[in-house]
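Read through the structure below, which is laid out as structure tokens, and then see the notes.
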Amino acid sequence: MSEPRGEAVIFGAGSGLGKALADVYRERGHPVLALTRQDLDLRDAAAVGRWLEAARASGRRFSRCIVSAGALQAGLLSDLPAEAFAESIRLHALSPIEIMLGLSRAGLCRRFVFILSGAGDFLMPGLSPYALGKRALKDFLYMAEMERSLPGVEILRVSPGGVATPFNKKARIYGGYRLPGAGRRGRDPMELARRIYDADLRGEKALVLSRLPGFLGKLQSLFGGLAAFLLRPR
């Protein structure tokens with residue numbers, strides 16, 4: 001297991017859950033490298049590459065790497081530009097995967113925490129860029145567990161459910177689409193961050209705080225035609 005009080009690097013620490021995680025790890029005695037989008041934009045492949053090169057050159061070691069960065073682009077396929085998919089898959093899947101592989105192969109970090117989303121389990125119309133990015137990351141982590149080809153690497157997958165942050169208010173909306181569940185409150189981000197911290201320190205592999213999306217996703221895979229009909233925008 002990783003060093004309990006070693007330095008944590010947190011991506012997406014500028015606001016919301018990422019900021020709460022940075023606060024909680026500091027409260028519990030960890031040095032924290034809190035990276036905001038201004039420090040490193042995970043949508044920028046070249047910037048991620050440069051950051052990894054600098055990390056390898058410095059030899060700076062982290063006890064855990066936490067990826068909480070995210071952004072929502074939403075709209076029906078008829079209104080979404082192709083760039084929305086490229087940005088979302090880069091932000092939510094490709095860059096986190098590159099960071100994990102880059103740090104672990106260089107021996108700079110062995111413990112990783114990834115914040116997943118129910119949108120990657122249960123597919124909803126209008127959320128396709130975000131859902132595909134989160135689903136790609138979820139499937140990659142499943143493959144990593146199935147292969148057991150990353151010896152010594154520990155991964156905590158977090159399925160948080162709704163979180164009371166401004167995430168949806170910052171969404172980039174295309175066309176006349178309206179986000180589902182607008183106005184519904186979620187978990188307090190500080191409470192959630194403390195639960196993630198506790199699960200991390202226990203060395204757990206998964207923290208599932210909302211099982212409904214996973215259950216609905218299994219039904220969707222079994223009854224795809226019916227689900228598509230029921231969910232189709234009217």
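Note on Lys218: aspartates and glutamates with a C-alpha under 12 Å away, same-chain residues under 8 apart excluded, are Asp121. Along region 126-136 the Karplus relation, 6.51 cos²θ - 1.76 cosθ + 1.60 evaluated at θ = phi - 60°, assigns HN-Hα couplings of x, 10, 4, x, 5, 4, 5, x, 5, 5, 4 Hz to successive residues, with x for each Gly and Pro. Largest first, the residues Met124, Met146 sort by 1.4 Å accessible area into Met146, Met124. Checking the a/c ratio against 1.5 first, then a/b against b/c, what shape does the Cα gyration tensor give for region 110-167? Oblate.
Once you keep just the Cα pairs under 8 angstrom separated by 6 or more residues, what percentage relative contact order results for the chain? Provide the component values of the computation, followed by the final result.
Working: 397 pairs, mean separation 53.2, N = 234.
Value for the chain: 23 percent.
Most tightly packed first, judged by the mean number of other beta-carbon atoms within 10 Å of their residues, the peptides 75-83, 155-163, 126-134 read 126-134, 155-163, 75-83. The helix-only estimate of mean residue ellipticity at 222 nm for the chain, built from DSSP H runs of length n ≥ 4 each weighted as -39500 (n - 2.57), is -13000 deg cm²/dmol after division by the residue total. Between Arg202 and Arg56, the modelled label-to-label distance comes to 3.7 nm, taking each label 7 Å out from Cα in the direction of the beta carbon.
Using a probe radius of 1.4 angstrom, the carbon and sulfur fraction of the accessible surface of the chain is 55%.
Using only side-chain charges placed at the Cβ, +1 for Lys and Arg and -1 for Asp and Glu, the dipole size of the chain relative to its Cα centre rounds to 420 debye. Residues whose amide H falls under 5 Å from that of Ala164, counting only those 5 or more places apart or on a different chain, are Gly186, Arg187, Asp188, with hydrogens built in the peptide plane. Calculate the length of the line joining the C-alpha centroid of region 36-55 to that of region 71-101, in whole Å. Cα centres, region 36-55 to region 71-101: 16 Å. Across Leu94, Leu222, Leu108, mean-square fluctuation computed from a Gaussian network of the chain (C-alpha pairs under 10 Å connected) peaks at Leu222. Phi angles of region 26-41 translate, via the Karplus equation with coefficients 6.51, -1.76, 1.60 and θ = phi - 60°, into HN-Hα couplings of 5, 4, 8, x, 8, x, 10, 9, 9, 9, 8, 4, 5, 6, 7, 8 Hz per residue; Gly and Pro are given as x.
The values are calculated or read from the model by the stated rules, or taken from the named source; none is laboratory data. All values derive from a computational prediction rather than experimental measurement. No Cβ is skipped: glycine too gets one built from the backbone with ideal geometry, and neighbour counts run over all protein chains shown. These accessible areas exclude ligands, DNA and RNA; they are computed on the full protein's heavy atoms, side chains included. Shrake-Rupley method; radii C 1.70, N 1.55, O 1.52, S 1.80 Å.
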